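Here's the structure we're looking at; comments come further down.
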Amino acid sequence: MQLPVVAGSGRTQNVARILSSFCVMSAGASYSCACFYTENIFIAEYQLHASFTDEQQFTRDYERVLQSRGCRSAQKFARVLEMVKNEVQRRMILAEESMRRKEEISLYYKTLHPEVYVLQESFLTEEFLEVVRFCESPNASLEGLLDYVRSVPGKRIYCFPVFVPEFCRDFLEELENFEKSLLEKGRPNTMNNYGVLLNELGLDESFITPLREKYLHPLASILYPDWGGGCLDSHKAFVVQYSVDKDLDLSSHYDNSEVTLNVSLGKEFTDGNLYFSDMREVPSGERRYAEVEHTIGHGILHRGQQVHGALPVTSGERWNLIIWMRASSIRNKQCPMCNKVPQLVETMGEGDGFTMTKKEDRGETVDVCTLI
């Protein structure tokens with residue numbers, strides 16, 4: 001299904017009218033929750049996550065909040081409003097544009113290290129393979145697994161080596177080679193301005209999917225059975241880049257995932273550690289924080305709904321591989337971004353890990369206009 005292009009000199013029209021054309025239609029399609037088009041819009045200058053359905057709602061809900069954070073002129077507010085509208089418009093055509101970029105990349109991009117596009121066990125450390133073998137053994141247990149991985153006390157965060165240095169080096173050279181190309185590039189999300197969407201580069205089927213299914217699934221099954229760790233069936237994978245002249249840090253947020261893996265790929269950098277607090281439902285004033293140091297080649301596994309961020313790098317350049325792993329059996333009941341029963345909107349491409357339920361299989365549809 002082709003998403004509508006929003007008319008009007010680049011301005012987003014009333015979102016309720018636009019989304020009214022969407023409904024759940026066919027089994028076997030990909031889906032997002034309708035909240036993707038209206039919620040969690042990050043305004044970096046004022047460190048604010050906002051919702052948008054129309055100008056009146058946005059002004060009513062956020063004008064005073066923005067004023068308290070320094071947005072104290074009509075011109076500044078108009079600029080913020082324009083940015084938010086453009087972000088909504090971008091999301092409306094995101095899937096279609098991503099598929100177009102992926103096709104162009106497959107046709108015109110010349111790879112530097114074609115071998116890194118197919119996952120090999122030689123890319124993985126012996127320590128990581130040993131962890132996986134234990135998880136697949138008849139004696140596998142949480143208590144036994146904790147002897148193989150480093151855990152952050154009280155946080156259910158686990159650290160372990162994943163990739164050998166040679167792979168990290170070659171993979172980064174490939175990513176830098178792609179960045180130097182003149183091909184159009186999609187960026188990970190509104191909070192990360194520098195990085196690569198790995199599905200567009202052609203790494204999903206041959207690299208990320210087998211990594212998730214064969215190697216990460218056994219760990220997540222034991223560590224996060226209550227968060228869908230045993231039934232992870234899709235993902236979104238991307239690489240983010242930090243440096244003193246690009247993105248410096250990452251504000252507090254939670255992921256659109258059930259389980260997230262964050263692997264440091266390099267290069268040389270100082271500071272820029274991750275910090276974690278509690279799950280998103282814990283009030284901000286009651287959250288307890290823990291800092292986790294990045295080690296090149298090592299992964300940090302955590303629950304997606306755990307609030308976290310990245311401290312500023314003070315020198316060098318840091319690249320991280322992020323895999324948002326999703327379990328449709330969990331998110332079909334409650335969208336992790338709006339905390340409601342998801343109202344499915346059919347989309348192109350991979351979607352956000354939602355699947356058709358039996359109720360929808362009976363032919364019932366959702367008018368997204370009623371959600372706003």
remark   = Along the dipole axis of region 83-170 (charges at Cβ: +1 for Lys and Arg, -1 for Asp and Glu; origin at the Cα centre), the most positive-end residue among SER122, MET92, PRO165 is MET92
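Mean separation of Cα pairs under 8 Å and 6+ residues apart, divided by the residue count of region 120-265: what relative contact order is that in percent? It would help to have the intermediate numbers written out before the result.
Working: 131 pairs, mean separation 34.6, N = 146.
It rounds to 24 percent for region 120-265.
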request  = With all protein chains present, calculate the accessible area of TRP324 using a 1.4 Å probe and round the result to the nearest 10 Å².
outcome  = 30
request  = Name all residues of region 125-159 having a backbone nitrogen under 17 Å from the label point set 7 Å from the Cα of ARG288 along its Cα→Cβ direction, giving them as ranges.
outcome  = 151-158
³J(HN,Hα), Karplus 6.51/-1.76/1.60, whole Hz, each residue of region 205-216, x for Gly, Pro = 5, 9, 10, 5, 4, x, 5, 5, 6, 8, 10, 7
note = Computed over region 100-222, the convex hull of the Cα set has an average projected area, in nm², of 9.2
query = Which residues' amide hydrogens lie under 5 Å from the amide hydrogen of GLY353, considering only partners 5 or more residues apart or on another chain, with H built in the peptide plane?
reply = TYR31
key: Integer Hz, Karplus 6.51/-1.76/1.60 couplings in order for region 275-282, x for Gly and Pro   = 10, 10, 10, 9, 5, 4, 6, 6
key: Length released on extending from LYS340 to GLU173, taking residue separation times 0.36 nm less the Cα-Cα span   = 55.9 nm
request  = Using only protein heavy atoms and a 1.4 Å probe, report how much of LYS267 is accessible, in Å² to the nearest 10.
outcome  = 80
task = Label region 124-163 by shape, choosing from rounded, prolate and oblate, from the square roots a ≥ b ≥ c of the eigenvalues of the Cα gyration tensor; if a/c is under 1.5 it is rounded, and otherwise prolate applies when a/b is larger than b/c, oblate when it is not.
result = oblate
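The values are calculated or read from the model by the stated rules, or taken from the named source; none is laboratory data. Please read all numbers here as calculations on a predicted model, not as lab measurements. Counting neighbours? That spans all protein chains shown, and the Cβs are built from the backbone with ideal geometry, glycine included. Each accessible area value is taken on the protein alone, full model and side chains, heavy atoms only, with ligands, DNA and RNA left out. Shrake-Rupley method; radii C 1.70, N 1.55, O 1.52, S 1.80 Å.
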